[in-house]
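This report concerns only the one structure given below.
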Amino acid sequence: MADNQNNSAALTVKNLSVYFGKNEAVKNVSLDIAARAVTAIIGPSGCGKSTFLRAINRMHELNPDARMEGEIKLFGDDIYSKNVQPVVVRRRVGMVFQKSNPFPTMSINENVTVGLRLNGIRDKKILSERTEQSLRMAALWDEVKDRLSAPAISLSGGQQQRLCIARALAVQPEVLLMDEPASALDPLATSKIEDLILTLKKDYTIVIVTHNMQQAARASDFTAFFYMGELVEFGPTTKIFTSPANKRTEDYVTGRFG
Amino acid sequence: MTAPNHNWRQFKDVLMRVITFACAILVVTPLVLVFYHLLKEGFTSINWAFFTQLPKPVGEIGGGMANAIAGTFILLGEAALIGVPIGVLGGVYLSEYGGSKLNWWIRFAADILNGVPSITWGIVVYGLLVAPHLPGFSALAGGVVLGLMMIPLVMRTTEEVLQLVPAGYREASLALGIAKWRTIVQIVIRTALKGIVTGVLLALARVAGETAPLMFTAFGNLGWARKLTEPIAALPLQIFEYAKSPYDDWRRQAWAGALVLLLLVLAINIGVRFLTRDRFKAKI
Amino acid sequence: MSRTKSAFLPLFVLLIFRREKKFDCMATTKMTTATGQFGDRAFKWLTLAMAFAVFVLIALIGYELASGSHLAMQKFGWRFLISSDWDPVNDIYGALPVIFGTVVSSLIALIIAVPISVATAVYLTELAPLWLRQPLIMFIELLAAIPSVILGFWGLSVMVPWLHAHLFPAMRGTLGFLPLFKGPDYGPCILAAGMILAIMIVPIITSVSREILRSVPGLQREAAYALGATRWEVTRIAVLSYAKKGIFGAVILGLGRALGETMAVTLVIGNIAQIVPSLFSPGATLASTIANEFTEATGDLYYSALFELGLVLLGVTLVVNIFAQLLLKTFAGPSVKPQN
C-alpha cells in the first residue's frame, strides 16, 4: 500500500506539541518512524510517551481538553487535515492497550470481526477469512480454532491480549500502536507477545511504548527516549542502548533513574 | 483510660448496639405485618373468578378484577413505549456526551422531577390531555402519565450503569475506527444491557403501583376498555375504590387485589436482584 | 403529543442505522470518506433531545399548574394561602387548613422516622454483623417498593383500628394534659397519617443516610480506632459528625417525599379540612384534598382552586427537594465524569 512511497518513513512527525488544558504533555517533537520496523518509545512515567502514541491515531482527542500543534503525516497524508476524520485515521492506525480489553459480551470470533462488522462488512465469507487470517497472525489460531464462539473473557490474560492484537489486525491497519502491551502479563505471555511483534514487523509498522528496557532492546529496531514531554534522543536501538549521545539517555537506559 | 471509665464506655457501646438494632427491627416490622395481613386476608379471597371475571355491581357477591389486571399491563406497556426510549437515550447523552455544566443541570432537573409528587403528575396530564378532550379520560392519558414519570427514573439509572462500563472498551472500539455512536450502541449499551433492563424494570415496578396519577387520567372502568381512547381499569385504582367502600365483599376483593399487585411489584424487585448479581459476574 | 413523538422514535433510530450500512468504508483507505459523521451527529442530537425532555417536563408541569390555577388566583389572590375556609358548597376556597394538615402530618412523620432511620443506617453501616446487613437492606428496599395504596389500605384496615383500640387511649391517658392529645378519636386522623407517612419515608432516609455513612473515608474511622475508641465512639466521633450535613440532606429528602405522598394519607387522614389542635382529629393535606375532590369537582373555580393546591404542593416540594439535592450534592462533591 505504501511501496511506491519513500520507502523508509511510515509516519513523519513535525513539531508536534500536545496540550491538556494548560499542561504541555508533548513538547515540539519531530521524528520519522520507519515503515515495517519496530520503533520503541521509552521514558519514565509521565514523560508524554503515551500521549505521543495516542496523538498518532488521534485517540488523545477523547480528552475534551486536548489540543495539538504541528503535523503528523501517515504515508504522506496529513492525518490532522481539516477534512480528515479521526475514525478514518484510526482504521489505518490500529492500537493495542496496556490492559487487554476484549468486549465481554462477544465471543472470540465476534471480537475479531467487530471492527469489520461495525464498519458495514456483512459478507460471511470475508469475515471468516479475516478471522482465521488475523488469529493466525496473532499466533492464537491454533489455541482457539475449536472454540471460536466461546466467550472472549474465557481466555487467559495473555490470550486475551493476543486476541486484542488480532482484533486490531482484522481491520488491516497500516500501523499498529502498542501501549505497554505486555506490562500486565506474566513472563511467558510477555515473550509470546514479543515474538509476535518480531513476526508482525514483516507486514506492519509498529510503534510500541514500554517501560521495560529489555523489551525495547530485544524487540525494537529504533528507540526514542522521551523525558518531560521532550524527545531527548532518537536512533537505532543498538546505538541508544550501547552508545547514547545524551547523558540523560545513558542514565535512563542503564537504570540510574526512572 | 481508667477502669471505671472503661466499663462505662463498654456499656454505652453495647447499649447503642442494642438500641440501633431495635430500630432496625422496628423498621422491618411494618413490612412483615403488611405481608402477613395481605397473605391472610388476600389468599382466601383469591380464586379463579378473581382473575377471569369483571367486577360485579354493588350488592352482588363475587366477580373479579380481570379488567383491572389487564388494564395495568396495558398501561405499563404504553408507559414503557414512552419512558424507555426517552429515558435510555437521555441517559446515554448524560453518560457519553455533553459538557459537565449542561449535564449537571440535566441531572439536577431529573432528580427534581423524581421528587415531583405523583398526584401533581396526575393533574398536569389531566390539564394536558383530559381537560381539552385529547381524548379525555382514557387509557392513553393513563399511559402517558406513567410514561412521563418513568423518564427521569430510567434516565438516571441508565446513566449510572453506562458509567460502570470501563473506559477501555470505548477506547478499544474507537481505536478500531468504529464511529462513536456505533461504539455507544453496539459496545457500551450492549455491555451494560442487563443494568439498563434492570433500571427499566424497577421503574415499571414503581409506576405499576401508582394510583394518584391514574385517578384523573385512566379514571378506572368497571368493564373492558375497547379502545385506548376509553377509560381503563387498573389494579391500584380498583384497590383504592374497594378499599374505601363499606362492603365486606369489596374489601375482600381489595385484599386480593393488593396481594396480586404487591406480588407483581415484589416479583420484579426480587427478579431484578438475580439479574444484577449475574451482571457483576460478567463484568469482571 | 409527546406520545406520538416517542412512537416514531424507534423508526427514527432504525433510519439512521439503515443509512449507515450503505457505506462500505473498509473498501477504501481514502482519508476523506464521509463515514460515520452523519450517524454521529444524528445520534448525538437525538440523545440530547431526549435528555432535554427533563426541561420540557418541568416547563410543562409549571405551565399546566399555573394556567390551571389562573382563575382561583385571580379570584382570591394571596388570600388563598391564608384563608382558612375550604368551602366548596359556597365556592370559597382557602388553602390554610390543608397546608396545616400537610405540614403537621409531615412533621409527625419526621419526628418518628428520623431517629429510627438514622439509627438503622448507623446499625447497618457500623454496628451490625456482616451476615445480617444484606438481608436487612433487602427488607428495607422491599418496604420502599410497597405501593402507597396498599400501605394505605393496610393502614386503614389494620393499623387505624389498632391505634383506635390501644395506642390512642393509652396516649390520651398519659399525655392527655397536652391539647395535642385531647379529645375523642374516630380512627382516621392526622396522627395516623403521620405514622403511615413515617413508615413510607423510613426506607428513603435510611438508604440515603447509609450511602452517606458509607462514603465517610475509612481514614476517619481508623484515626478514631487508633485512639482506642469503642465502636460506638468511632461512630459518634468520626462518622456521625463527619456525615451530619449529608444525613440532614437525607432527612430533607424524606420530608419532600412525605409532603407529596397521596394515597396512603388519603385513606387514613379522615379528609376534613380543618385547623384543630388535637392530633386525634381528622385533617386533610394538599395531596389528599386533590385526590379526594378532583374527580367530583363541579364548576371551573373549584377545579382551579384544586389546581392551585397542586401548584402550592409543587412549589413546596420543589423548594424542599432542591434544598435536599444541594445538600447531598455538596456533601458528595461534584460528580466526576470519567473521560469519554
Quick check on my filter: what residues within region C:109-139 are buried (at least 22 other Cβ atoms within 10 Å of the Cβ) and within 16 Å of the chain's Cα centre (by Cα)? C:Ala109, C:Ala113, C:Ser117
Out of region C:39-60, which residues are at the interface with chain B (Cβ under 7 Å from one of its Cβ atoms), over 21 Å from the mean Cα position of the chain (by Cα) and more than 11 Å from B:Met155 (Cβ to Cβ)? C:Gly39, C:Asp40, C:Phe43, C:Lys44, C:Leu46, C:Leu48
Tell me the residue from A:Thr190, A:Thr249 that is of a type outside the set (A, V, I, L, M), surrounded by 20 or more Cβ atoms within 10 Å (Cβ to Cβ) and assigned to a helix (DSSP H, G or I), please. A:Thr249
Given the condition outside any loop (DSSP other than H, G, I, E, B), out of contact with any Phe, Trp or Tyr (no Cβ under 6 Å at 6 or more places or on another chain) and either within 16 Å of B:Gln253 (Cβ to Cβ) or away from every other protein chain (no Cβ under 14 Å) (or both), answer yes or no: does some residue in region B:15-35 qualify? no
May I ask you to list the residues in region B:44-96 that are in contact with a Leu (Cβ under 7 Å, 6 or more places away or on another chain), free of Cβ contacts under 8 Å to residues at least 40 places away in the same chain and away from chain C (no Cβ under 12 Å)? B:Ala66
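Among the residues of region C:278-297 satisfying the criterion of being in contact (Cβ under 8 Å) with a residue 24 or more places away in the chain and among the hydroxyl-bearing types (Ser, Thr, Tyr), which is farthest from the other protein chains (Cβ to nearest Cβ)?
C:Ser278
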Among the residues of region C:230-244, is there at least one that is in contact (Cβ under 8 Å) with a residue 24 or more places away in the chain, under 30 Å from C:Leu180 (Cα atoms) and either in contact with a Leu (Cβ under 7 Å, 6 or more places away or on another chain) or part of a loop (DSSP other than H, G, I, E, B) (or both)? no
How about region A:37-148: which strands (runs of 3 or more DSSP E) wholly inside it have at least 2 residues that are touching a residue at least 40 places away in the same chain (Cβ under 8 Å), of a type in the set (A, V, I, L, M, F, W, C) and within 11 Å of chain B (Cβ to nearest Cβ)? A:93-96
For the condition of a type outside the set (Val, Ile, Thr), within 22 Å of C:Ile150 (Cα to Cα) and at pLDDT below 90, what is the one hit in B:Gly63, B:Gly98, B:Gly71, B:Gly59? B:Gly63
Can you tell me which residue in region C:120-171 is farthest from B:Glu41 (Cα to Cα), limited to those that are of a type in the set (Phe, Trp, Tyr) and in contact with a Lys or Arg (Cβ under 9 Å, 6 or more places away or on another chain)? C:Tyr123
Filtered residues of region B:157-195 (kept if within 30 Å of B:Thr211 (Cβ to Cβ) and either more than 10 Å from every other protein chain (Cβ to nearest Cβ) or hydroxyl-bearing (Ser, Thr, Tyr) (or both)): B:Thr157, B:Thr158, B:Glu160, B:Val161, B:Gly195
Given the criterion more than 18 Å from C:Leu57 (Cα to Cα) and modelled with pLDDT of 95 or more, identify the matching residue among B:Thr120, B:Thr158, B:Thr198. B:Thr158
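Going through A:Ile165, A:Ile121 one at a time, which residue ends up being among the hydrophobic types (A, V, I, L, M, F, W, C) and closer than 23 Å to A:Ile206 by Cα?
Numbers: A:Ile121 fails: closer than 23 Å to A:Ile206 by Cα.
After applying the criteria, what remains is A:Ile165.
The values are calculated or read from the model by the stated rules, or taken from the named source; none is laboratory data. Just so you know, these numbers come straight off a predicted model, no measurement behind them. We place every Cβ from the backbone using ideal geometry, glycine too, and count neighbours over all the protein chains shown.
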